[in-house]
Amino acid sequence: MEPLFPDYFLVPHKKEYITHPEKRQTKKCILCSIRDRDISSYEVFRGNGIIIILNLYPYTSGHGLIFPERHVSEYGELSLQEVIEINKKILQYMRLLEIAQRPKGFNVGFNQGREAGGSIDHLHFHVVPRYPRELNFIDLIGKTRVLLEPLDQTLAELKKHLEVFNEDPFQSKLVE
Ligand SMILES: [Zn+2]
């Protein structure tokens with residue numbers, strides 16, 4: 001099956017909702033399906049209950065999604081251990097991008113609830129690396145973002161530096 005972009009509604013699912021409304025409650029969420037490997041994804045890392053994948057329609061090259069394996073909808077549903085692990089993985093992924101892609105900045109965050117722009121009900125964090133002069137003519141005029149490299153190429157480049165996930169990303173040792 002083709003990889004799916006977890007941040008957009010999947011059309012076949014929508015069709016099933018219409019034709020089989022009784023399946024609405026039982027349909028597995030996309031990130032849970034990726035977790036269970038029912039569908040393929042550009043997986044960068046998996047461990048300690050956290051998964052990192054490349055966004056199928058990235059805002060910039062290296063745009064990652066970081067989510068807990070456990071299906072939770074709200075930040076407050078995370079255990080303290082999960083909060084720590086997710087933040088650890090966010091920092092490690094940022095470090096990975098710094099080594100592999102040399103961005104000049106990052107946007108990091110999550111959208112909770114559909115009103116806030118959250119399109120799927122499984123908490124996930126976006127890490128968007130930012131590069132100098134990343135907007136080009138077509139972005140501005142055509143309102144279409146142009147990818148600089150294919151996702152499999154980005155993934156291959158990132159996977160050369162997975163040792164970052166063995167390193168402690170926290171600079172402060174105040175909390176042990
Ligand atoms: Zn889920």
Count of segment 56-82 residues which are under 14 Å from residue 126 (Cα atoms) and within 16 Å of the ligand (Cβ to nearest atom): 5
Residue count, segment 111-125 (criterion: in contact with a Phe, Trp or Tyr (Cβ under 7 Å, 6 or more places away or on another chain) and surrounded by fewer than 17 Cβ atoms within 10 Å (Cβ to Cβ)): 2
Positions within segment 24-48 being under 24 Å from residue 79 (Cα atoms) and either within 13 Å of the ligand (Cβ to nearest atom) or of a type in the set (Ser, Thr, Tyr) (or both), in sequence order: 28, 29, 30, 31, 32, 33, 34, 35, 36
Flag if residue 95 is touching a residue at least 12 places away in the same chain (Cβ under 8 Å) and touching an Asp or Glu at 6+ places or on another chain (Cβ under 9 Å): yes
Residue match in segment 142-151 (condition: at pLDDT 95 or above and either in a loop (DSSP other than H, G, I, E, B) or within 12 Å of residue 64 (Cβ to Cβ) (or both)): no
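The values are calculated or read from the model by the stated rules, or taken from the named source; none is laboratory data. Remember, predicted model here, so these are calculated numbers, not experimental data. When we count neighbours, we look across all protein chains shown, and the Cβ atoms used for this are built from the backbone with ideal geometry, even at glycine.
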